[in-house]
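The values are calculated or read from the model by the stated rules, or taken from the named source; none is laboratory data. Not measured: the values here are computed from a predicted model. Glycine gets a Cβ as well: all are built from the backbone with ideal geometry, and neighbour counts include every protein chain shown. Accessible surface areas use protein heavy atoms only, side chains included; no ligands, DNA or RNA. Shrake-Rupley method; radii C 1.70, N 1.55, O 1.52, S 1.80 Å.
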Amino acid sequence: MFSLKSVKYKDILDIEELFIPSGKVSCIVGESGSGKTTLIKLLNNLISPDAGIITYKETPLEDINPVELRRNVVMLPQSPPIFSGSIRDNLLMGLKFSEKPLAADEKLNAVLMNVKLEKALEENAEKLSGGEKQRLALARVLLLEPEVFLLDEPSSALDESTEDLIIDMLVSYSKAANKTLVMVTHSQKVARNFSDIIIEIKKGKVISKKEGIE
Amino acid sequence: MKGIIDLQPWQLAAAYLFIILLLGIVRVKGIAREKEIVISTLRMSLQLFLTGYVLAYIFDFSHPGFTILILIFMEAFAVHNIYKRSKAVLSKKLKRIIAFSMVSGSLLSLCYFLFVVIHISPWYEPRYFIPIGGMIIGNSMTGVSLGVSRLVDGMNTHKHLIESSLMLGATPKAASRQIVNNAFDAAILPTINNMVGMGIVSLPGMMTGQILSGTSPTIAIEYQIAIMLGIAGSVSLTVIMFLQLGYKTFFNSRSQLEI
């Protein structure tokens, strides 16, 4: 799905070769500051490499309309913003941004259930706790149903039991819907228990790529 | 209708008593502002005397070249002033957009106002062109200045929000819509507020001048209403042109935020 060759970005990343397959769960692990977030920003084309080639489905990213690419390869940052307004407004914001048809309340409630956020759609989103906001942002991304999910520490604000539930749901959903999931995580446990492939990055270089649970 | 009372030199000199009074107050209060007060009073007097003589000459010997030259001078001063007033460092691209929207927006409004609303003849009549041009350009300059500061601040403060919107597949336009709207609102608010208080809170300078020089208040009011509408139109046009083009300078051809 994604292929990187001789990719350099400032003095943050220097990747000789990397292939991220489709339909799999890939976890990117490494110390903080090792370049994990930069790598998924490159895949989302939020930034472009200084050197090297990144392809998506064998097409160089520069040849793909960046906005169209981001609608298929959606990224969720580590601290996603919550827009002023209700939970419904926040869920619909992603669909508005990507110019997709707006979802009915039934679907919005279903996606909230998936992320274990049992709140009314009318509730003020800004009053949610840190963990609830993170789950709301995750629900916003799930509604977009993209081909690829690029998630930067999607469970960093969650307690251990909720983390397991949410990651399990994400993995099951992406397997069932044949989606590609690329997740940055600091948690060795999450990487070990849920990923098909573990990519370890150290000081901007890929130092290992191994099979996970499969 | 009575003409205006011509001020004799001693009458004008008597008006400087207000400044002497002000100097006395700051000295008694121990506020170190005497130097600034004296300099600004001298500058104001000198600038206005000079402008008065230049305008008297231009009005007496009106020529399209003079009118165009003064218009260019006013536009250049306005653009330079917007650059100078900005606290943030402005990119070359943004500076070009500021100059383009300031000049084209205000000129378009001024031409419409003079040739369609007032219908002046000859087209370069400096008695109308220069003061009305000054008001339209000056107010547009203030509007664009506010718009620049709000846009640059908004883009810097909400960098994370814009990037997060782009990650979800938003176009640069959609990702910066709220910032552009807020900047437009802040830029035109003073003009709207000014219109609300007009005639009650303040008696505008142009109208006061016309009334003092013997024009009927009803005619003066007609002119004032027309000029206020012209100013509102010009401020809106220049600001919206600037914002619609300006936000794009923060993104590259790959729709990536470049701050």
Can you pull the percent of Cα pairs in the stretch B:1-69 with separation above 19 Å? 56
Mind checking the mean number of beta-carbon atoms from other chains within 10 Å of the Cβ atoms in A:63-75? 4
If each part is reduced to its alpha-carbon centroid, the stretch A:144-205 and the stretch A:80-103 end up apart, in Å, by 22
Given all pairs of different Cα atoms, what value in angstroms does the Kirkwood hydrodynamic radius of chain A take? 17.5
Plugging the Cβ-Cβ distance of B:Asn156 and B:Arg43 into 1/(1 + (r/R0)^6) at R0 = 30 Å yields, to the nearest 0.05, a FRET efficiency of 0.30
Alpha-carbon centroid distance for the pair the stretch B:214-251 / the stretch B:126-196, whole angstrom: 14
Per the Kirkwood formula over distinct C-alpha pairs, the hydrodynamic radius of the stretch B:1-160 in angstrom is 19.2
By accessible area of protein heavy atoms, probe 1.4 Å, what ranking do A:Cys27, B:Cys111 get, highest first? B:Cys111, A:Cys27
Using only Cα atoms and rounding to the nearest 10 degrees, what angle (0 to 90) does helix A:130-143 make with the longest principal axis of chain A? 80
Based on the Cα gyration tensor of the stretch A:152-214, what are the three equivalent ellipsoid semi-axes, each the root of five times an eigenvalue, rounded to whole Å and given largest first? 20, 15, 10
Over all pairs of different Cα atoms in the stretch B:203-249, the reciprocal of the mean inverse distance gives a Kirkwood radius in Å of 12.3
Starting at 0 and stepping by 10 Å, how many percent of the alpha carbon pairs of the stretch B:112-158 end up in each bin? 24, 33, 20, 16, 7, 0
May I ask for the percentage of alpha-carbon pairs in the protein assembly as shown that lie more than 31 Å from each other? 58
So how tilted is helix B:34-60 from the main axis of chain B? Cα-based, degrees 0 to 90, rounded to 10. 80
One can check that the equivalent ellipsoid of the stretch B:161-216, built from the alpha-carbon gyration tensor with semi-axes equal to the square roots of five times its eigenvalues, has lengths in Å, largest first, of 45, 9, 6
The protein assembly as shown - mean residue ellipticity at 222 nm from DSSP helices (-39,500 (n - 2.57) per run, n ≥ 4, rounded to 500): -18500 deg cm²/dmol
1.4 Å probe accessible area per residue over the protein assembly as shown, in Å²: 52
Please list the three semi-axes, largest first and in whole Å, of the ellipsoid equivalent to the stretch A:41-120, using sqrt of 5 times the eigenvalues of its alpha carbon gyration tensor. 31, 13, 11
Could you state the orientation-averaged shadow area of the convex hull built on the Cα atoms of the stretch B:63-250, in nm² to one decimal? 11.9
Compute the length gained on full extension between B:Leu21 and B:Asn182: take 0.36 nm times their separation in residues and subtract their Cα-Cα distance, giving the result in nm to one decimal. 53.7 nm
Once label points are set 7 Å from the Cα along Cα→Cβ at both B:Tyr53 and B:Ile192, what is their separation, rounded to one decimal in nm? 4.5
Quote the total accessible area buried by chains B and A together, excluding ligands, DNA and RNA, probe 1.4 Å, nearest 100 Å². 1800
Please report the orientation-averaged projected area of the stretch A:17-88, defined via the convex hull of its C-alpha atoms, in nm². 6.9
